[in-house]
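**Student:** Have a look at this one.
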Amino acid sequence: MTAVERRLAAANLIIALVALFGGVVTGFFQALEYAGIDVYPSLAPVIRSYYHSLSIHGVLNALVFTTFFICGFLPFMTSRALSLPLASPRIGWLTFWLMTAGLVLASIPLVGNAATVMFTFYPPLKAHWAFYIGLTLVVAGTWLVTLNLALTWRAWRARNPGTRTPLAAFMSLVTFAMWTIASVGLAAEMLVLTIPWSLGIVVGTDALLARTLFWFTGHAIVYFWLLPAYVSWYTLVPRQAGGKLLSDPMARTSFILFLLLSTPIGIHHQYADPGIHQGWKLLHALLTFAVFFPSLLTFFNVVASLEIGGRARGGTGWLSWFLRLPWGDPSLAAQVLAMVLFAFGGAGGLILASFSVNLVVHNTAYVPGHLHLTVGSAVMLTFVGITYWLVPHLAGRPLWSRKFALAQVWLWVAGVLLFSPALHELGLRGMPRRTMMGHAAYMQADWKTLLPLVGIGGSLMFLSMLAYFLNMVLTVTVSRRAEQPALPFAEALSGSDHAPSAFDRWRPWLVTAGLLVALAYGPTLLRLAATTPLNTPGLRVW
Amino acid sequence: MAPRRSTLYLWELAWILPSIALPVGMLAALAVTAFGAGINVAGDRGRIDSTKVAEHPLFKDPGVAQIAPGQYEVRMTAQIWSFAPNEIRVPAGSTVHFWVTSKDVVHGLMIPRHNINVMVLPGQIGHAQARFDTPGEYPIICHEYCGIAHHTMGGKIIVEAKP
């Protein structure tokens, strides 16, 4: 661990948090719109429409904030866990600048209303080419992170033959290995379909082929967001809670399963798509249910670790140990509450993934309701909890206010518990997602009664995030300098020496993961690619 | 006092077994509803040339037609920002088969609470079917972002009480 890793982490964090700020502000406007307060006319010179705002919101929050945070956090964790500097600081900085250049390139059309295509950018909606090339550069940057982590691990292995990879490093490597396999779909969509088409080299596109390549990556990307949160839950939170991780081998098992099963399940986002046979959809449903299993393992292991902490602090009873957790620590409070919210988000996600049940909720308000519990809360609130110790550590200044941070965390929970249940229910009542509801032609009476809750919840979430950013800014500017040590890793009751040594071999797992992807996607992708006339013209209709 | 390793394994097993049983049970329930009760998701109905929708026999004359007693067929095109047809009348108790495609960007076809939920893609023929038993007026909604006036894209299906 040298100053380079800290600086790299800090640089990535700055971009991540600036993006999050933009995403949060645009999100607030949308929540108001749902509640019947149309602020867009007064924003007209900058934000041209509800859909412009929504595209910015999705890209900044779901793509930029997450990716930059992860590319800062996991190399930092790997380097600490291995007690080694990154193999190549040069690749590290090259990665950062490549991703930043990509972000700037993509942001120009995005902010300029030339890429109002949502963060899913389904063709034939056609954004400016800079949007696609910029995002592709960001993805290429993440591959360089994988390379750097792999080289670092190799250097560690050469010095430590025969020992188990430390858990945090193992999990970080698995996360990036999984992502690198998964991102092939998105890269192919960009390089083969959207970039040549947006540049005018190819005249037409294929909506279904593009969607299938997108969702190849598009579901695994949620694990790319989630697994770094799990890294914190497994390797740091048990100690923050005053206890130990229950089982290191069980933790590794769940991550290996995520490596194998995160990608060959993307078609569960396309149950409603014509052109894909139900048999393939059912196979993806089956594998989606299989990937529920490692999440259940995580639930057990992490909650048991919290229980060990709660009991060590004098907690008793079946459930009341939970109250004995160190709730005064905002970093822990944020992450434990993120877990609680994720329990609901995960259950709701299973409903979305449930094949025919998906007919009821596909593309309704249920989906953003789900997303704000999962990536919006489980992931975002965990990352916020991490920054409550990581930013002070990197800045060498204590957190400006712990009380303010605690208030922020609880305010978010209060807000999202109004916002998300309301959206779930609106979805069940048939309200579509991504729609400017205040002006919808088909507004229903039983939607109108619930929409104000979305506005109130969203406003509380916005206030919570303003408190967060204020705290962060004051921490790095006003707090008096004082060394802030990084959090120590948690010990495990059942340690890494109990884990099978096969977990430290990469090739068999990577090959199996590749085979599963080929089996689940190969025939469909080959058929679509072989039969596409590639003749649907692009349109800019916003 | 830390628990013994054998105790740990027992706890783990007590969690793992139900964790396998639960998704397996849910999946079985899905298979039963999808293939037993016939509530199924969209499948593969073939491609269509998205630039020549009006020449395709299914879509050259969009509209509603009775194909058998109690069976109606809706041949529908979606385009920015409308459905054709955008008003459908059927008697209560009818089964309605929707055939749908897009002339431009990606749209969606949803009739809430009636299991009609299918993406409308240029280049693909979409199909969905449902029974409409209760008389009333139900919205037909485009549920995929399709441009600046996406929220205006809708229609209605009027289920008429039998005389």
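**Student:** Does a label point 7 Å from the Cα of A:Ala441, set along Cα-to-beta-carbon, have any residues of the stretch A:503-542 with amide nitrogen under 18 Å, and which are they?
**Tutor:** A:541-542
**Student:** Give the residues of the stretch A:200-240 whose amide nitrogen is closer than 13 Å to a point set 7 Å from the Cα of A:Arg402 in the direction of its Cβ.
**Tutor:** No residue passes the distance filter.
**Student:** Modelled label-to-label distance, A:Arg311 and A:Leu534, 7 Å Cα→beta-carbon offset: nm?
**Tutor:** Calculated label separation equals 6.2 nm.
**Student:** Sticking with this one: Partner chain Cβ atoms within 10 Å, averaged over the residues of A:531-542 - can you pull that number for me?
**Tutor:** Rounded to a whole number, the mean comes out at 5.
**Student:** In addition: How much net charge surrounds A:Leu394 when only the other residues with a Cβ under 9 Å from the Cβ of A:Leu394 are counted, with Lys and Arg +1 and Asp and Glu -1?
**Tutor:** Local charge sum for A:Leu394: +2.
**Student:** Relative to the compact globular guide of 2.2 N^0.38 Å, what is the alpha carbon radius of gyration of the stretch A:191-267, as a ratio?
**Tutor:** 1.66
**Student:** Let me ask something additional. Which FRET efficiency, nearest 0.05, do B:Asp49 and A:Val340 yield, Cβ-Cβ r, R0 56 Å?
**Tutor:** The formula returns an efficiency of 0.65 here.
**Student:** Can I ask one more? Rounding to the nearest 20 debye, state how big the charge dipole of chain B is about its Cα centre with +1 on each Lys and Arg Cβ and -1 on each Asp and Glu Cβ.
**Tutor:** Computed about the Cα centre, the dipole is about 340 debye.
**Student:** Where does chain A land at 222 nm, in deg cm²/dmol rounded to the nearest 500, when only DSSP H runs of n ≥ 4 count, each adding -39500 (n - 2.57), divided by all residues?
**Tutor:** About -22000 deg cm²/dmol.
**Student:** Count the DSSP beta bridges whose two residues both fall in chain B, then state the antiparallel fraction as a percent rounded to the nearest 5.
**Tutor:** 70 percent
**Student:** Between B:Thr7 and A:Ile14, what is the label-to-label distance in nm when each label sits 7 Å out along the Cα-to-Cβ direction?
**Tutor:** Those two pseudo-labels are separated by 5.1 nm.
**Student:** Per residue of A:487-499, count partner chain C-beta atoms within 10 Å of its C-beta, then hand back the mean as an integer.
**Tutor:** 1
**Student:** Can you list the lysines whose alpha carbon sits under 25 Å from that of B:Lys60, skipping same-chain ones fewer than 8 residues off?
**Tutor:** Correct list for B:Lys60: B:Lys52, B:Lys103, B:Lys156.
**Student:** Taking 7 Å along the Cα-to-C-beta vector as the label spot, tell me the B:Asp133-A:Leu515 distance in nanometres, rounded to one decimal.
**Tutor:** 4.8 nm
**Student:** Further question: Taking the alpha-carbon distance from B:Lys162 and a cut-off under 15 Å, which aspartates and glutamates remain once sequence neighbours fewer than 8 residues away in the same chain are dropped?
**Tutor:** Hits, sequence-local ones excluded: B:Asp133, B:Glu137.
**Student:** Over all residues in B:32-41, what is the mean tally of Cβ atoms on other chains that come within 10 Å of each residue's Cβ?
**Tutor:** The shielding value for this peptide is 5.
**Student:** Separate question: Where does chain B land at 222 nm, in deg cm²/dmol rounded to the nearest 500, when only DSSP H runs of n ≥ 4 count, each adding -39500 (n - 2.57), divided by all residues?
**Tutor:** The helix-only estimate for chain B comes to -6000 deg cm²/dmol at 222 nm.
**Student:** Would you mind giving the average projected area, over all directions, of the Cα convex hull of the stretch A:3-537 in nm² with one decimal?
**Tutor:** 24.2 nm²
**Student:** What translational D, rounded to a whole number of µm²/s, comes out for the stretch B:53-160 from Stokes-Einstein when the hydrodynamic radius is the Kirkwood one over Cα pairs, at 4 °C and 1.567 mPa s?
**Tutor:** The calculation lands on 95 µm²/s.
**Student:** Less than 19 Å from a label point 7 Å out along the Cα-to-Cβ axis of B:Glu160: which backbone N atoms in the stretch B:102-142 qualify, by residue?
**Tutor:** What the label zone holds, given the 19 Å backbone N cut-off, is B:131-140.
**Student:** Also: Once a ≥ b ≥ c are taken as the square roots of the eigenvalues of the Cα gyration tensor of the stretch A:346-448, is the result rounded (a/c under 1.5), prolate (a/b larger than b/c) or oblate (a/b not larger than b/c)?
**Tutor:** Cα axes put the stretch A:346-448 in the prolate bin.
**Student:** Still on this model: Quote the FRET efficiency, to the nearest 0.05, computed for A:Trp410 versus A:Arg480 with a Förster distance R0 of 35 Å and r equal to the Cβ-Cβ distance.
**Tutor:** So, using R0 = 35 Å, E works out to roughly 0.85.
**Student:** Report the convex hull volume per residue for the stretch B:1-40, counting only C-alpha atoms, in Å³.
**Tutor:** Per-residue hull volume (Cα only) is 53 Å³.
Throughout, read-outs are computed from the coordinates displayed, never taken from laboratory work. It should be emphasised that the depicted structure is a prediction, and the values quoted were computed from it without experimental measurement. Please note: Cβ atoms are built from the backbone with ideal geometry, for glycine as well, and neighbour counts cover all protein chains shown.
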